[in-house]
1. Describe numerically, in nm with one decimal, the distance between label points set 7 Å from Cα along Cα→Cβ at Ala20 and at Glu123.
2. Run a plain Debye calculation on the chain (Cα atoms as equal point scatterers, no solvent) and give log10 I(q)/I(0) at q = 0.11, 0.15 Å⁻¹, rounded to two decimals, same order as the q list.
3. Modelled label-to-label distance, Glu28 and Ile79, 7 Å Cα→beta-carbon offset: nm?
4. Cα-based Rg of segment 104-145 per 2.2 N^0.38 Å, rounded to two decimals?
5. Of all accessible surface on segment 30-131 at a 1.4 Å probe, what whole percent is carbon and sulfur?
6. With every protein chain left in place and a probe of 1.4 Å, what is the accessible surface of Ile65, to the nearest 10 Å²?
7. Any chance you could list P(r) for segment 62-145, counting all Cα-Cα pairs in 10 angstrom bins from zero, rounded to whole %?
8. How high is the FRET efficiency from Gln92 to Lys56, r the C-beta distance, R0 35 Å, rounded to 0.05?
Amino acid sequence: VMSEVITGNGGMIEQFIGDAVLAVFYAETDEEASVNAVRAGVGMVKAHARLNRNRKKEGRFSYQIGVGIEVGQVLSGVIDVREKNEYVLIGQCRSQAEMLEGKSKLGRFSRIVCSAQVKELVEEFEFKHLSDGTNWEVFLPGGKL
């Protein structure tokens with residue numbers, strides 16, 4: 001479900017790491033990439049809420065997700081090691097996005113956490129300061145956790 005939301009918003013799945021999905025949004029501008037990534041994050045949170053409602057009806061446990069979004073440059077390409085090809089992203093932007101996802105546990109409204117740079121580039125959503133005082137959380141009306 002998450003893969004469909006990501007690719008439907010112009011993203012590309014870079015890697016699955018355990019239960020995490022690492023995606024990249026290539027675009028002509030940082031603004032376009034940031035908007036697409038935030039839209040995907042919102043779509044993921046909404047799809048996850050539907051999944052959790054269905055799990056509850058089936059008597060299964062629910063769980064939370066978090067999303068971290070950063071904008072910037074990365075080095076991407078295929079690494080070929082002993083007949084195994086792997087597509088990778090390398091760079092501070094990737095590391096920062098992973099750190100932001102970790103901070104999503106501090107979220108109260110959507111658990112979609114962005115850097116100040118992403119917040120400045122995305123005007124169609126409202127943001128609230130994360131309790132860490134540095135980063136921002138996408139505010140979804142009625143989405144209080």
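The values are calculated or read from the model by the stated rules, or taken from the named source; none is laboratory data. Computed from a predicted model, the values in this text were never measured in an experiment. Cβ atoms come from the backbone with ideal geometry, glycine included; neighbour counts cover every protein chain shown. With ligands, DNA and RNA removed, areas are computed over all heavy atoms of the protein, side chains included. Shrake-Rupley method; radii C 1.70, N 1.55, O 1.52, S 1.80 Å.
1. Label at Ala20, label at Glu123, 3.3 nm between them.
2. For the chain, the Cα-only Debye profile gives -0.42, -0.75.
3. About 3.4 nm, to one decimal.
4. 1.02
5. Carbon and sulfur: 48 percent of the exposed surface of segment 30-131.
6. Estimated to the nearest 10 Å², Ile65 gives 40 Å².
7. Per 10 Å bin, starting at 0, the Cα pair percentages come out as 18, 41, 24, 13, 4, 0.
8. About 0.35, to the nearest 0.05.
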